[in-house]
Amino acid sequence: MNKAAKYKFLETCIVLILMLFLFPSFLEKRSYGLEQNHAELYQKFSQSYQKYQTLIDPFVTQKNQYLAYRSLQAQVDFLNSAKSLISAEVESIVLYVQFLKSILAEATAVLNYRENYLYVNLDKELDYFLLQQTKVASLSSLGETKDFLKDLQSHYQNVSLFAYQVKAIVEIYSVDKTLGNLKTVSDKIENYFGSQQNWEGNLHIDSAKEVFLKERAELDKINIHLNTAREYESKLSTRERNKDIAKDLRREIDSCVDILERVNSSYLDVVNSLK
Amino acid sequence: MMKKLLMLLLAILFILALVYMFVRFEKNNRFSENKVRVEELSPTAPPDVSLVSPTPTISPELQEIENDLKNIEKDLQKVKSEDNRLVPPEFIFDLGV
């Protein structure tokens, strides 16, 4: 190997080593960004949605003028105002889908949600809406705009369904994980009682244990509500009234939270009585 | 000779880089766990009777249980508040003409 080739080889080695060290730092920043993003993304969406809402009144005014006069100028003005509205609409939907993806990413990282079909479907819809963003400007007639909106609506129905599904997943998995944590604490309390042999016959301790056992049995009721919540989740579809199903599901989650709060509070009382 | 030395150096640095990557990822995972909305608690072994002190100070086991319960209380406050951002917003899809 001549001198030039040696230097070249050395240079390649240094670059490779630097890349190996920099790669994890890059990954770390990306994953941290994902976790941090949902609040920012929602804020961006909110701003975009507000902008969209400010365009509704001009759109309605132009529509009324078009319906009243049916003139060519009124039609052109109405079409332009519709295009502005649709453009803002698509932009808002894109940001909303990105927000949903970030929430789903958090559920995957924190709540051990393992399915990926929602990711895939959200990505598909995101691609669709990003493509439509470029097409809005080329709409040239009211008929074409109507068809465009119809297609947009069918895709937004999917996004709407995915939003309710993400909501259900976050709620169900959060309760499930909290239940798991409380069961772990139950085991710790039980072990603590088991280890205190010198307390046998102590009425104060016996009554604390009785309260603990009664409350621990309450945790089984949560599974009934969780299963009902899962049934509601499976009912979510583009054909159903998802808003009503989501409300029913939330009622089950609230029942779970009530029981969890009650048991947790009783456990704290038990611990305080053992101090 | 020079080539052999460089290859050896590269091999050592590669192993060091792998160890470094592993440590960074471990650290990153721990960081993520600290940020979780609902923290997972690890079960611990039953406390040893000999550790219980006759003094009125709280035992470490009870202290750990109390801390766990307080963390769960905080988690429950988050689960209790419904995230209405996940209720999809309304949009107009009809020109109305």
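Derivation of every value follows stated rules applied to the coordinates shown; laboratory data play no part. As the structure is a prediction and not an experimental result, all values here were calculated from the model. Positions of Cβ are backbone-derived with ideal geometry, glycine not excepted, and every protein chain shown enters the neighbour counts.
Before moving on, here are some points about what is shown:
- Annotation: for a label point projected 7 angstrom from Cα along Cα→Cβ of A:Asn223, residues of the range A:180-195 with backbone N closer than 20 Å are A:180-191.
- Within 10 Å of each Cβ in A:262-271, the average number of Cβ atoms from other chains: 4
- Which of A:Tyr96, A:Val175, A:Asn223, positive extreme of dipole for chain A (C-beta unit charges): A:Tyr96
- Nearest 10 degrees, 0 to 90: helix A:3-54 Cα axis against chain A principal axis: 80 degrees
- The C-alpha atoms of chain A define a longest principal axis, and helix A:203-235 lies at about 20 degrees to it.
- Between A:Tyr117 and B:Gln63, the simple label model (points 7 Å from Cα in the Cβ direction) yields a spacing of 4.9 nm.
- Backbone N within the range A:226-247 under 20 Å of label point (7 Å from A:Asn158 Cα along the Cβ vector): A:234-243
- Segment A:Glu144-A:Gln43, extension gain: residue separation times 0.36 nm, minus the distance between their alpha carbons: 33.1 nm
- Net charge of the neighbourhood of A:Phe129, taken over other residues with C-beta under 13 Å away and scored Lys/Arg +1, Asp/Glu -1, is -3.
- In a fully extended conformation the segment linking A:Glu261 and A:Ile56 would gain 69.4 nm over its present Cα-Cα distance, using 0.36 nm per residue.
- Mean partner shielding of peptide B:59-70, defined as the number of other chain Cβ atoms within 10 Å of each residue Cβ, is 6.
- Take each residue of peptide A:101-113, count the partner chain Cβ atoms within 10 Å of its Cβ, and average: the result is 2.
- One Cα centroid belongs to the range A:60-129, the other to the range B:59-97; the line between them spans 26 Å.
- Check: chain A dipole with +1 on Lys, Arg Cβ and -1 on Asp, Glu Cβ, in debye: 980 debye
- Neighbour-count ranking [beta-carbon atoms within 10 angstrom, fewest first] of A:Ile205, A:Ile103: A:Ile205, A:Ile103
- Degrees separating the helix A:117-135 axis from the principal Cα axis of chain A, which is the longest one: 20 degrees
- Relative contact order of chain A, pairs being alpha-carbon contacts under 8 Å that are 6 or more residues apart, as %: 16 percent
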